[in-house]
1. Which FRET efficiency value, to the nearest 0.05, do you get for Asn288 and Glu383 by plugging their Cβ-Cβ distance into 1/(1 + (r/R0)^6) with R0 = 45 Å?
2. Using the structure shown, select from Lys189/Lys487; Lys25/Lys517; Lys42/Lys258; Lys195/Lys221; Lys265/Lys429; Lys9/Lys110 the pairs with a Cα to Cα distance greater than 27 angstrom.
3. What FRET efficiency do you get for Lys154 and Asp306 if R0 is 41 Å and r is their Cβ-Cβ distance, rounded to the nearest 0.05?
4. Per residue, how many Å² of accessible area does the range 36-177 show with a 1.4 Å probe?
5. List the trypsin sites (Lys or Arg not before Pro) in the range 97-165 that DSSP assigns to loop (not H, G, I, E or B) and whose Cβ has at most 15 other Cβ atoms within 10 Å. Which are they?
6. Report, in debye and to the nearest 20, how large the dipole of the chain comes out about its Cα centre when Lys and Arg carry +1 and Asp and Glu carry -1 on their Cβ.
7. Label Gln29 and Glu261 with points 7 Å out from Cα along Cα→Cβ: what is the distance between them in nm?
8. Accessible area, 1.4 Å probe, largest first: how do Arg34, Arg290 sort?
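The values are calculated or read from the model by the stated rules, or taken from the named source; none is laboratory data. Computed from a predicted model, the values in this text were never measured in an experiment. As a convention, Cβ positions derive from the backbone with ideal geometry for all residues, glycine included, and neighbour counts pool all protein chains shown. Note: accessible area is taken over every heavy atom of the protein model, side chains too, but ligands, DNA and RNA are not part of it. Shrake-Rupley method; radii C 1.70, N 1.55, O 1.52, S 1.80 Å.
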Amino acid sequence: MPTDCISFKRTGYFSSLICDYLDEKPELQPFYNRFPKLENFKAQIEEKQTYFDKDWRVRLVSAIGHQYRKIDTSSLVLQNINYLISEKTFTITTGHQLNLFTGPLYFLYKIVSAINLSKELKNTYPEYNFVPIYWMATEDHDFEEINYFNFKGKKVHWNKEAGGAVGELSTDGLETVLNLFSLELGTSKNAKYLKTLFEEAYVKHQNLADATRFLANELFKDYGLVIVDANDVELKKQFIPFMEDELLNLTSFKSVSKANEQINKLPNQPYGIQVNPREINLFYLTENLRERIVFEEGVYKVINTDISWNKSEIIKHLDEVPERFSPNVIMRPLYQEVILPNLCYIGGGGELAYWFQLKHYFNQVNVPFPILLLRNSVLIQSESQHKKLQNLNISKDAIFLKRDAFINKKVREISNIDIDFSEQKIALKQQFEALYKLAEQTDKSFLGAVKAQEIKQLKGLDALEKRLLKAQKRKLSGQVFRMTEIKNELFPNGSLQERNANFSEFYLEYGDQLIPKLIENLEPLKGEFLILNL
């Protein structure tokens, strides 16, 4: 079946900030480096090439190689890791939390976007190598955001007391989750594969970082995906100068606060601020602990603990154990760009929103700012769903409407009477315009009474229109039910499919063709929402 596309703006699910970025509105230019067009990557390559030195590349390859020592991966992945030694190799990075069994479906789309952009860049710039990177957010500490996934309308939940960095969490208890999940999967060939995949990842690995690395590797090793765990002492050593600057000079707080002021001053664009910086944007990290570092009354402290240092002590401690210092959402992007020869970051709308706040900070610390690319978004439709949409004459624009607006629009379309009172409202307003003129010529004190009567009668027409619409919904209840049913299938819980469903639901149906189909159809630089008919 053919695929289709719709613009991100027309879906109604993306912020004005993201839509304006995709439209390349000039007022946003100060907040990013280069727009994601194929021809702009040449200058990005040249800029990043001057920043990275050979010695660090050798140490980077050694650190990543060490992370892969216990994992069986493909020759393509190993080749890509070794390519990173070369000054002609660059990365395309996406990042994500360690959600249980990948979490929402868009986890796959992020990674496929990185893989396909790397391929496209290689075709355009064959003298260079491009490596897709999945940056595991192992240092996050919000367990409640990652301890579940949705499967066919049910939540598969991991109940556990948790603290500290999620990557170090023990996988104890996930065998019970597997047993419950298995009952939902059934006994098909694809179901058996999913059970084995879950078991190999979560039951046979001791912590969440190792489990997630195994899972992502199994799904994407054939495409050369390199997985990076930044909670690594060798990688943190490279970031020491920036963390020291943060502790001593509050650089990110000053730079991002200034950028936020500029964003808030943009004319006629109430974009809002995605994240607000702390004075110090670092956590302190030990076993079962990840708490903010603050500077109060001349002393550096870790909140909710008795840990404290003076200035010389904390700098000495940073040099000795940099792995205990963890960047927050403000500093994590800088950490990524310092340790990777990265050209482009691929993220969702919320991620790109906070990246826009960081451009001035990157300038301040003299680190090249990456190209920012909105990840691919996809709506997967089965053959039967596609036929239902055709039979019900539901357009791609209509299916993206919010539920009530969708039903109202379709009832108006299929009704044999006109339920739109727009013409009557226009006629009524014209009548009242004449009454306003009459009131002004006679007694202006009547203007208020005329206005009140106009409002009353317009409200009356609205009420009649709603009652008529409601009556038609009852009369057309069979068709309304079928339309509501397909809407709920494609937009579970009223949200985008990719933000709600888990990949397992689709793997169950399409098996080992799911990811190849995504690889075949996703075009990262196209800038449209894909409707994929499978």
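1. Working: r = 49 Å, r/R0 = 1.09.
With a Förster radius of 45 Å, E is 0.35.
2. Details: Lys189/Lys487 29 Å; Lys25/Lys517 33 Å; Lys42/Lys258 30 Å; Lys195/Lys221 19 Å; Lys265/Lys429 38 Å; Lys9/Lys110 19 Å.
Going by Cα-Cα distance, Lys189/Lys487; Lys25/Lys517; Lys42/Lys258; Lys265/Lys429 fall outside the 27 Å limit.
3. Details: r = 44 Å, r/R0 = 1.06.
In this case the efficiency is close to 0.40.
4. Working: 5870 Å² over 142 residues.
Value returned for the range 36-177: 41 Å² of accessible area per residue.
5. Values: sites: Lys110, Lys119, Lys122, Lys152, Lys154, Lys155, Lys160; in loops: Lys152, Lys160.
When the trypsin sites (Lys or Arg not before Pro) of the range 97-165 are filtered for loop state and at most 15 Cβ neighbours within 10 Å, Lys152, Lys160 remain.
6. Numbers: 67 positive and 70 negative charges, 448 e Å.
Around 2160 debye, computed over the chain.
7. Label at Gln29, label at Glu261, 2.3 nm between them.
8. Working: Arg34 55, Arg290 25 Å².
Per-residue accessible area, sorted high to low, gives Arg34, Arg290.
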